[in-house]
Amino acid sequence: MTYLLILQPLEHIFRHALNSLHGIGLTWAWSLVALTLIVRMLLVPVTVKQIHSMQNMQRHAPQMKEIQKKYKGDRQKLNEELMKFYKENNINPAASCLPLALQIPVFIGLYYTLKSFAKHPPGGQAAVNAGDFSWLHIVPNITAHVTSHWSGYLLLAVYVGSQLASTYFMSGTMQPAQRRLMYVLPFAFIFVIARFPAGLVLYWMTTNLWTVGQGLITRRLIPKTPMPTIQRRSSRTPSKEEAAAASDDGAKPEPKKPPAQPRQVRRKRKARR
Amino acid sequence: MGRLGVLAVWTYRLTFGWFLGGQCKYHPSCSEYAIDAFKEFGLVKGTILAGWRLLRCNPWSRGGVDYAHDQRMFT
């Protein structure tokens, strides 16, 4: 029932999308890459928003660390306090489930499309033999299992590398333990992914590389300098904002006292740049 | 019937949730919310509540503390 209701329509959507990309002269593998890029382009507004709020989070990181230290033993209380802190400081937590969840139907749709391509390749076995499903002369057939050819292992290696790189860019606000997990997971995931069609790894690789590219561009476009200076500086002569924040503090149970040492260091680094 | 929903959430958690990374701007997280909603309101209402929560969990929303028990959709 689920197949008819959800999976089949998904498969049809992606089959049609791949078909039309193939129709304009791309090979199946490149159609898959193009489709991935289109999906990511549609998601750009979402990611831009996400990156902005991530930087906002980084600005408030010291105060959040303090809250985390305070409620270390009680996860429930810690979460609630953090949420309260977000609301008070107008922070929009970077992570949100929807953009992540949106990638699941893409993944499932492509999975079924590639599976059905493997069973009934468009153009028949002749097309497979002619290399219609190959990629860059390296991967002979993107509908075949990852481990069916040595190139699959190469794809897996690039996948792990790209996953680690994209984690590096997207995990700015994660807690250390969580980040460590994110760095280990791709290795654990290899064993699952090895059973997938090679094209899926191609998709995942492309989407990761896009994330990395996005990370590199936003790092260059949005200078980091103005953010810490507003917040961390001027301990001796409090600005209006700081004074306002200080009066806010009276209502809050935890006074925010960022240590003086790192402030000094950061300013020096900025000056050198 | 609500158990079916809880089972679905756990399937998600053990597959996609695993590598998509479980970070949510709400407390409890969307999957926890879904489980609570299924347990308290059954499969149909739970699905609607969980779906609505997932839609709210977008980059433009605020996040915060939001328990399934405190929902105001079904009174």
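Computed from the coordinates by the stated procedures, all read-outs in this text should not be read as laboratory data. All figures in this text were calculated on a predicted structure; none of them were measured in a lab. For neighbour counting, all protein chains shown are included, and Cβ atoms are generated from backbone atoms with ideal geometry for every residue, glycine included.
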Sort B:F38, A:F189 so the one with the fewest other Cβ atoms within 10 Å of its own Cβ comes first. A:F189, B:F38
Number of Lys pairs (Cα under 23 Å; 8 or more positions apart or on different chains) in the stretch A:2-224: 15
Candidate cut points under trypsin sites (Lys or Arg not before Pro) in the stretch A:68-140, DSSP loop plus at most 12 other Cβ atoms within 10 Å of their own Cβ, are A:K72
Ranked A:T211, A:T113, criterion: other C-beta atoms within 10 Å, fewest first: A:T211, A:T113
Percentage relative contact order, the stretch A:2-224, counting C-alpha pairs under 8 Å, at least six apart: 26 percent
When the Karplus curve 6.51 cos²θ - 1.76 cosθ + 1.60 is applied with θ = phi - 60°, which whole-Hz ³J(HN,Hα) does each residue of the stretch A:101-108 get, with x for Gly and Pro? 5, 5, 7, 5, x, 4, 4, 5
In the stretch A:2-224, with Lys and Arg counted as +1 and Asp and Glu as -1 at Cβ, which of these residues, A:V158, A:A198, A:A188, has the Cα nearest the positive end of the dipole, that is, farthest along it? A:A188
Compute the FRET efficiency between A:V184 and B:W10 as 1/(1 + (r/R0)^6), taking r as their Cβ-Cβ distance and R0 = 22 Å, and round to the nearest 0.05. 0.55
Nearest-20 debye value, the stretch A:2-224 charge dipole, Cβ charges on Lys, Arg, Asp, Glu: 800 debye
Centre separation in Å (Cα based) which lies between the stretch A:32-96 and the stretch A:179-202: 24 Å
Using a 10 Å cut-off on Cβ to Cβ distances, tally the other chain neighbours for every residue of A:87-95 and report the average as a whole number. 4
If only Cα atoms are counted, what is the Rg of the stretch A:2-224, and what is its Dmax, in Å? 20.3, 66
Using a 10 Å cut-off around each Cβ, can you sort A:L18, A:L154, A:L136 from fewest to most neighbouring Cβ atoms? A:L136, A:L154, A:L18
Amide H partners (placed H, <5 Å) of B:V65, local residues excluded: B:H27
Full extension from A:W30 to A:K115: what is 0.36 nm times the residue separation minus their Cα-Cα distance, to one decimal in nm? 28.9 nm
Jot down the per residue volume, in cubic angstrom and as a whole number, of the convex hull over the alpha-carbon atoms of chain B. 76 Å³
Residue-count net charge about B:Y33 - beta-carbon cut-off 15 Å; Lys, Arg +1, Asp, Glu -1: +1
Relative contact order for the stretch A:40-171: what is it in percent, counting Cα pairs under 8 Å that are at least 6 residues apart? 15 percent
Cα→Cβ-extended label distance, 7 Å offset, between A:K87 and A:A157, nm: 5.2 nm
